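What follows is a set of notes on a single structure, which appears directly below.
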Amino acid sequence: MSSAASIPPRAAAPAPPPPATAGSLLGEILTARHGVKPKDIEAALARQAETGARLGEILIEQKAATAEQIIRALGEQLELTVMLDIPADEIPLDLIRELPITFAKQFNVIPLRRESRTLTVITADPLQLSVLDDLGLMTGCVIEPVLSTPERIVEAINKTYDRKAHAAEAVMDDIRDDDSLDSLAHEVEEIQDLLDVDDEAPIIRLVNTLMAQAVNRRASDIHIEPAERDMVVRFRIDGQLYEVLRPPKGLQAAVTSRVKIMAGLNIAEKRLPQDGRIRIKIAGKDVDIRVSSLPTNYGERIVLRLLDRTNTLLDLNSLGFAEDRLTQIRRIINKSHGIVLVTGPTGSGKTTTLYSALAEINQPDINILTVEDPVEYQLPGIGQIQVQAKIGLTFVNVLRSILRQDPDVILIGETRDLETAEIAIQASLTGHLVFSTLHTNDAASSVTRLVDMGVEPFLVASSLIAVLAQRLVRRVCPECRQSYTPTAEALAEVGLRPEDLKGPIYRARGCSACHETGYQGREGIYELLTVTDEIRQLIVQNVDAGTLKKQALKQGMKTLRDDGARKVTMGVTTIEEVLRVTQDDTV
């Protein structure tokens with residue numbers, strides 16, 4: 001017998017399990033590739049028949065398989081990529097700005113990257129096709145799903161949205177001062193179809209640059225106004241509107257949608273007005289932007305009001321009061337009770353004056369509460385309440401409750417109707433000092449405005465202690481102002497005589513420092529009507545505003561134009577500016 005015949009035959013190796021291929025049942029893949037026991041699969045299938053729950057969920061619940069095993073098997077079954085280590089720090093923030101965090105968490109999805117018109121989205125459930133379809137509609141992209149476990153996705157959502165919150169639109173810091181709005185608009189204009197763009201950088205950069213330049217130029221508002229064949233972008237600087245850009249009509253929808261997304265508005269709703277808010281950081285400044293959209297014939301009109309939260313509050317010494325008027329105001333705001341009204345049109349600085357007065361009297365032994373719409377600046381040590389009409393938190397409702405908070409001083413953002421006025425008057429008559437605003441042309445008109453609302457004249461007379469009317473005049477630019485000798489006729493228009501001049505009179509020219517406007521910044525002019533016994537008697541008699549004003553002038557009141565003329569002689573502003581602002585305030 002040969003030696004070879006004496007060697008026993010080698011035992012045959014056990015046959016490997018059949019490979020699980022795409023299209024196989026999930027249970028088969030789990031058994032063949034991921035070590036899940038067949039009996040556990042059978043038990044889970046029996047449970048699935050009873051409850052209708054998903055096989056993977058049952059296996060995880062019964063601890064027969066882990067979430068990672070399930071997601072890997074699902075990836076093999078559907079031929080999808082599995083990503084367990086999600087690079088949350090590398091996900092572009094632009095991708096999640098359009099995706100609310102509530103949507104991401106509800107459906108366990110987060111975008112990973114965008115390439116051309118394909119958006120890669122990480123999901124724990126690739127079979128929720130309606131959610132993927134919604135993402136496609138929201139982004140205008142074809143969705144390519146990648147799988148991960150729910151826990152890993154939630155962790156990535158939290159990290160990525162936390163980055164977004166801390167970024168505070170930090171992309172603004174990358175915008176250069178020399179960025180040209182015209183060139184950016186032209187860059188986008190060359191794009192025929194926005195859906196063909198690899199990313200939204202041109203539109204985002206255009207809108208961001210608009211906001212950055214508005215802040216740099218000290219604009220208080222940005223107006224985005226659709227027209228028939230194009231659109232107009234204007235900045236309000238020192239109270240005047242200046243056109244800065246005319247983008248093509250084709251950009252209207254994209255620009256409007258970008259602003260609405262930033263403000264958290266519904267981009268699909270174009271028939272109703274909407275209000276929102278944006279908080280951004282530009283060149284180290286925290287800026288609040290109140291956004292208002294209004295439907296018009298040619299599309300939605302957007303107005304953005306900019307509030308620089310880093311601005312420190314002015315004190316009364318910085319507001320431009322004459323010394324004697326400042327002494328009067330300090331005496332008035334330190335009274336124990338009564339109503340003090342500040343009046344003027346929108347944007348005349350009423351809120352700044354009121355905040356400065358509150359800051360002056362704010363002490364630990366005084367309880368100050370405010371009711372505002374909106375709260376524009378936070379005042380330390382003062383309770384500020386934001387009106388929210390949508391939930392019934394109106395001026396009237398808040399004021400009814402605020403008196404139970406034992407206030408010493410109350411600020412009412414605006415006296416808009418009879419009910420608000422009556423509550424303010426009752427508060428003043430019961431020992432509270434009340435500050436509020438009205439929209440009237442001068443101080444005397446505030447009295448007749450209250451009576452027109454329906455307030456009894458004797459209540460006005462017994463509660464009102466002072467009315468301050470104000471306007472803002474533009475300061476002449478110190479870099480380019482030009483001294484000259486005005487004619488006697490020009491001086492007479494503002495109530496001055498040549499002998500009243502104690503220094504040079506300036507006129508505006510225009511330079512690069514003031515963006516060719518001739519003016520830089522604004523300052524208040526004021527008209528203070530103190531309610532004396534004689535004024536009270538006239539109020540009770542329900543006389544007209546003209547009669548009240550004549551009596552106030554006899555008592556030494558200086559009109560808005562008088563105070564404006566004082567600012568002209570001080571070299572602060574120009575004759576033309578005073579005439580423009582006070583043209584309707586002559587006696």
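What follows is calculated from the coordinates using simple rules that are stated; it is not laboratory data. Because the structure is predicted, anything quoted here is derived from the model rather than measured. FYI the Cβ positions are ideal-geometry reconstructions off the backbone, even for glycines, and counts take in every protein chain you see.
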*For the chain, what is the charge dipole size about the Cα centre, in debye to the nearest 20, if Lys and Arg each add +1 at the Cβ and Asp and Glu each add -1 at the Cβ?*
860
*Taking 1 over the mean of 1/r across every pair of different Cα atoms in region 282-400, what Kirkwood radius in Å do you get?*
17.0
*Measure off 7 Å from each Cα along the Cα-to-Cβ vector at residue 217 and residue 50, then give the distance between these two points in nanometres to one decimal.*
7.2
*Separation between Cα centres of region 369-445 and region 321-349, rounded to whole Å*: 16
*Computed label-point distance, nm, for sites residue 137 and residue 61 using a 7 Å Cα→Cβ extension*: 3.1
*For region 232-276, what mean projected area does the convex hull of the alpha carbons give, in nm²?*
4.0
_Share of Cα-Cα pairs in region 444-587 lying beyond 21 Å, as whole percent_ = 51
*If you project the alpha carbons of region 429-488 onto the principal axes, what extent comes out on each, in Å, largest first?*
53, 26, 17
*Can you give the angle from 0 to 90° between the axis of helix 252-262 and the longest principal axis of the chain, with both taken from C-alpha atoms, to the nearest 10?*
90
*Isolated Cys residues of the chain, judged by Cβ distance under 4.7 Å to other cysteines*: 141
*In the P(r) worked out for the chain, what percent of Cα pairs fall beyond 33 Å?*
60
